[in-house]
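The structure under discussion appears below in the form of structure tokens.
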Amino acid sequence: MSATEPSTADSPPHRYSGALAQGIEARWQDRWEAEGTFEAPNPAGPLGDPEAVGGRPKRFVLDMFPYPSGAGLHMGHPLGFTATDIYARYSRMIGHNVLYTMGFDAFGLPAEQYAVQTGQHPAITTAQNVANIRAQLRRLGFSHDLRRSIDTTDPGYYRWTQWIFLQIFNSWCDPETKKARRIDELVAEFEAGTRAPRSGEWATLTAAQRRKELDQWRLAYVSDAPVNWCPGLGTVVANEEVTADGRSDRGNFPVFKRNMRQWMMRITSFADRLIDDLDLLDWTDALKTMQRNWIGRSEGATVHFDVAADSAAAGERITVFTTRPDTLFGATFMVLAPEHPLVGQLTTADQADAVASYRRAAEAKKDIDRQDEGREKTGVFTGSFAINPLNGARIPVWIADYVLMGYGTGAIMAVPCGDQRDFEFARTFGLEIIAIQDPTDGRGTDTSTWADAFVGDAPYINSANEALDLHGVASVAEGVHLTNQYLAEHGHGHATITFKLRDWLFSRQRYWGEPFPIVYDGDGNPHALPSDALPVLLPETDQFSPRTFDPDDAMSNPESPLDRLGHWTTLTLDLGDGPQQYRRDTNVMPQWAGSCWYELRYLDPTNDDVFVDPANEQYWMGPQATKADGRAHPGGVDLYVGGVEHAVLHLLYARFWHKVLFDLGHVSSVEPFHKLFNQGYILAAAYTDERGMYVEASQVEQRDDGWFHEGRPVSREYGKMGKSLKNALDPMDLCAEYGADTLRLYLMSMGPLDASRPWESKDVVGVYRFLQRLWRNLIDEDSGELRLLAQPSDVDTQRALHRTIAAVREELDNLRFNTAIAKLIEFNNHLTKLGGCPADCADALVKMVSPFAPHVGEELWARLGHVGSLTHEPFPVADPALLVADTVEYPVQVNGKVRGRVVVAADAADDVVQAAALADDKVQAALAGQAPKKVIVVRGRMVNIVA
RNA sequence: GCCCGAGUGGCGGAAUGGCAGACGCAGCGGACUCAAAAUCCGCCGUUGGCAACAACAUGUGGGUUCGAGUCCCACCUCGGGCACCA
């Protein structure tokens, strides 16, 4: 119990307290649910009520939905959810039809691992956890439309996840328009001869060849992809689960990097559009930059180096790919992978033995070791030379195992002055290093004195030939561009666009996920199941773990839990060519699948005919009128709030799926999330003992000389609130002590929504006292009766009220909840000084508070004599006449320092303000007789005199 | 390592390039009370000064500007992401 909690009997009986809040909150939560207060009508479909939709503007407010963990909500959830709830409630009060609900991203590893340990089916624990979290959300007073809640593990939901997968599987990306199109259209183009298949004339291909050809075009395809295979665990593991010495985090088994047959999604085909359409979005520049960098579009070059005429293999060309063709003047040698096909021809007789033995040694090494940057550089000269296409220099050709045949062309041009690996290689083998930049760190251009490569932007030097001159070129991009032009004109290469983005590895060898709606025929070809076969239900089993293997058996193959269900994996089907035996795909989809489209299902959650009725999608997410700046509106969710940890993956995957659905005509919005806001983290003090182990933060006590746990000193640090740092607080405990309204206000007042902030339990009383004072200004604490000041409010109070209204609206429109609350506290403090709330201010005050503290808001609204919820009451509007003052005080600076102040009429002209400023005694004193050189008057702000 | 972000009183934070520290916590003083709690009123960046006031202050060092917490460059520290945790 906190120090401020009235704990004695002499506290007034009707004071706002945690106990009083409990009663009020429960009562209004019951009523909201019984009356369906927050249900938003749809224009069409099962939840359709076109009349109720009316002519109101709409607003779709969305949270990143939670994983239903057994621990319930953690403090980060109510942080983001309160923000969206306030915004949703405010939006209703300014007349919008608001879609606001909450679902559950319920497939995933924790439920599966819990099932492995306990034998409890994940469906059971998931249902329990969802029920628990629903109760918690209700307790926090969120204004969700409960009819629209979804759960990704519900067959009624994942049926459509599978359906969307099939849409993607049955599509290809037209390279000309970069748009997804139906696979039938590709077949039609092949048949008509308007597009050439990659594997030969369509008419001459066999049915099997045609099938293989189409599979190469599909947006969802099966391919070999490099993964971390851990036979000891029987699963593929994430990079972060692999320790530095190549073993698994769990179990400490060896992990092997190897290729495996996996489902992939061709997200790289959409790379350009995923970059370009960022311009249409109302996201922060930081976030857009993160996505752009992740996609990593860059203009590089493919460059051909002729082998020198007097070398072995003369007449051949060595082709390399480089991201920095502008550095080509500094290329002083080349390095080929030992496996490169030209190595044999390039090797001269006297180097033959050395090359052969180096190639044998390289074969024995794993790729992962060969890329280890810290390793001693090794390599062998082939004896041959190539010609640098820009300056005609003869440069030696080496082989080294740090160049991999699988990456790019298996050969690189080495620019030792600007690349550390090349620099070390050159130093190790005494190769030439030419500076092509004038380093900005003062090291000079004599590379023999350099300790490392110079990496960074700096002016080009030694970078010109008879037709290409990079000297004076300001940016790398321009240097690249000019070099590429030269290469193309002289037949030495061409510009090549590359992306860092890789195709999306989409299958998991696990149990608790969506099964693929795919079967394989006897030849191993994938076939889509027809949509009427959906959902493909996840089969029942009590074996949730994958089969494990001899930990050292690198060539073993994963066997998912579904593989073992023989009765399920094989089936007889008629897919149009008579009944055949098929084998099901036994992978499941990654957890991202369900979260790639859930916002669309909220729009029409009970529709059994279609994943979303087009009329509903058009209404809630369709493009709006062209934006003020003339750009097209892409449609999408009006506000999406969630953690920045999803800045890249989830947001990119969801955008990709949405674009495919758009191209295929299933949705009218180009982008799923129009405005995005990233909330910060809640940090809390965490304590470690002398062994460096975290101790339970709630049991730490502070004394004058530090912090102690069970009598032993501990040290304090701050970190993300959570189980691992043992510093988590349960939001429900705060609801029990102070009430949900106080918790909501505290979370919002801690700081700006996008900043991470440390939790301080002792600070919670600040907003608690605000609610008490607000209550006391309206309600008599002894009698519980309404208590308003009878006389009309004076002009000061009116002005304060209307300034508050204007400010709170402005702050809410911009999601600045912390400062909105500060303004409300300020006005309430003004009322406290008046001795209570004038009757003519009460309605507006209560309405303004209600989005933040909705239970107190409803209760006071009812006690003010209103019938019904204030959910749809209009938000107060400020009177402009009360926002302007008669006079303005100008601070007067002399040389940038405030020396005096003058008060002038608010509408005074600049020369009047200037005269008043110069006439001020203190200003004159500061000027000390000097004549002002210049006077700057900023209207309504200040005056600066330059002397 | 690569990409993104953040550094302001004792603490959380506020501040369209225009009076640094709104609002809250903690602290100090006062009123009320037999007393305490609660409540109400006031003070509250640092240094010097009885004071008026002055000087110094937004991670560090430079720069742009009449004017910089805010814009630019470099550096330091901390947080997030890095593709099978979600």
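The values are calculated or read from the model by the stated rules, or taken from the named source; none is laboratory data. Since the structure is predicted, the reported quantities are computational estimates derived from the model, not experimental observations. Here the Cβ positions follow ideal geometry from the backbone for every residue, glycine too, while neighbour counts run over all protein chains shown.
Observations on the structure shown:
- For A:Ile433, the conditions (1) modelled with pLDDT under 85; (2) surrounded by 14 or more Cβ atoms within 10 Å (Cβ to Cβ) are fulfilled apart from (1).
- Single condition A:Arg863 does not satisfy, out of (1) within 9 Å of RNA strand B (Cβ to nearest atom); (2) in contact (Cβ under 8 Å) with a residue 12 or more places away in the chain; (3) among the charged types (D, E, K, R): (1)
- For segment A:672-696, a residue qualifies if it is part of a loop (DSSP other than H, G, I, E, B) and surrounded by 23 or more Cβ atoms within 10 Å (Cβ to Cβ), and the qualifying residues are A:Pro672, A:His674.
- Matching strands (runs of 3 or more DSSP E) fully within segment A:328-419 where at least 3 residues are under 30 Å from A:Leu482 (Cα atoms) and at pLDDT 90 or above: A:333-336, A:380-387, A:394-399
- For segment A:161-191, a residue qualifies if it is aromatic (Phe, Trp, Tyr) and within 24 Å of the chain's Cα centre (by Cα), and exactly one does: A:Phe165.
- Restricting A:Asp310, A:Asp245 to residues that are within 31 Å of the chain's Cα centre (by Cα), closer than 30 Å to A:Ile399 by Cα, surrounded by fewer than 17 Cβ atoms within 10 Å (Cβ to Cβ) and away from RNA strand B (no atom under 16 Å from the Cβ) narrows the list to A:Asp245.
- Residue, farthest from RNA strand B (Cβ to nearest atom), within segment A:734-777, restricted to residues that are farther than 21 Å from A:Asn814 by Cβ and not in a helix (DSSP H, G or I): A:Gly739
- Just so you know, in segment A:106-151 the residues that are out of contact with any Phe, Trp or Tyr (no Cβ under 7 Å at 6 or more places or on another chain) and among the hydroxyl-bearing types (Ser, Thr, Tyr) include one that is surrounded by the fewest Cβ atoms within 10 Å (Cβ to Cβ), and it is A:Thr118.
- Scope segment A:481-497; condition surrounded by 18 or more Cβ atoms within 10 Å (Cβ to Cβ) and either within 16 Å of RNA strand B (Cβ to nearest atom) or in a strand (DSSP E or B) (or both); matching residues: A:Gly493
- Counted residues, segment A:55-89 - those being within 12 Å of RNA strand B (Cβ to nearest atom) and of a type outside the set (Gly, Ala, Ser): 7
- In segment A:868-947, counting only strands (runs of 3 or more DSSP E) that sit wholly within it, the ones holding 3 or more residues that are surrounded by 14 or more Cβ atoms within 10 Å (Cβ to Cβ) span A:887-894, A:897-905, A:942-946.
- Restricting A:Ile267, A:Ile275 to those that are crowded, with 20+ Cβ neighbours inside 10 Å, within 25 Å of A:Val670 (Cβ to Cβ) and of a type in the set (A, V, I, L, M, F, W, C) reduces the list to A:Ile267.
- Listing of helices (runs of 4 or more DSSP H) fully contained in segment A:8-98 that carry 3 or more residues being of a type outside the set (Gly, Ala, Ser), closer than 16 Å to A:Cys735 by Cα and touching a Leu at 6+ places or on another chain (Cβ under 6 Å): A:76-93
- Complete set of residues in segment A:778-793 that are buried (at least 18 other Cβ atoms within 10 Å of the Cβ) and either in a loop (DSSP other than H, G, I, E, B) or in contact with a Pro (Cβ under 7 Å, 6 or more places away or on another chain) (or both): A:Leu789, A:Ser793
- One residue from A:Leu280, A:Leu336 being in contact (Cβ under 8 Å) with a residue 24 or more places away in the chain, aliphatic (A, V, I, L, M) and either more than 17 Å from A:Trp398 (Cα to Cα) or in contact with a Pro (Cβ under 9 Å, 6 or more places away or on another chain) (or both): A:Leu280
- Selection status of A:Thr284, within 10 Å of RNA strand B (Cβ to nearest atom), hydroxyl-bearing (Ser, Thr, Tyr) and surrounded by fewer than 21 Cβ atoms within 10 Å (Cβ to Cβ): yes
- Lone unmet requirement of (1) farther than 19 Å from A:Arg584 by Cβ; (2) touching a strand residue (DSSP E or B) at 6+ places or on another chain (Cβ under 6 Å); (3) within 15 Å of RNA strand B (Cβ to nearest atom) for A:Leu501: (2)
- Selection of segment A:440-454 for residues being under 37 Å from the mean Cα position of the chain (by Cα) and not hydroxyl-bearing (Ser, Thr, Tyr) yields A:Asp441, A:Asp452, A:Ala453, A:Phe454.
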